[in-house]
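Structure record follows, encoded as structure tokens.
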Amino acid sequence: GPSHEAAYTLERCIAVHHVAEVDYTCGRAPEHDHHQPAYFRFNSTDHVVLWGIPTNADNWEELRMDRILAARDTGEEFTHTW
């Protein structure tokens, strides 16, 4: 599962509207995605997920917290649209 450190970093990014770099795995090699994180919620299968918008897209995406290996605060601010 995710480290408490990753969850803490994402919470801080949500609070201050910073882009987060997220290491995410779906069973293949980890992906390193940049996200505008918005909030945590439970999905329909009771997994905790991070909802946000990838910086290279304009669609919402959910990332399962148990697949997040690490997260870093890029320090880059974004203007949220929600």
- Item | Rounded tilt (10° steps) of 4-16 against the dominant C-alpha axis of the chain | 30 degrees
- Fraction of alpha-carbon pairs over 17 Å apart in region 38-82 - percent: 39 percent
- Please report Rg over Rh for the chain, where both radii come from the alpha carbon positions and Rh follows the Kirkwood definition. 0.93
- Between Ala29 and Thr55, how many nm apart are label points set 7 Å from Cα along the C-beta direction? 2.1 nm
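Every read-out reported here was derived from the displayed coordinates using simple, explicitly stated rules and does not represent laboratory data. Fair warning: this is a prediction, and the values are worked out from it, not measured in the lab. Counting neighbours? That spans all protein chains shown, and the Cβs are built from the backbone with ideal geometry, glycine included.
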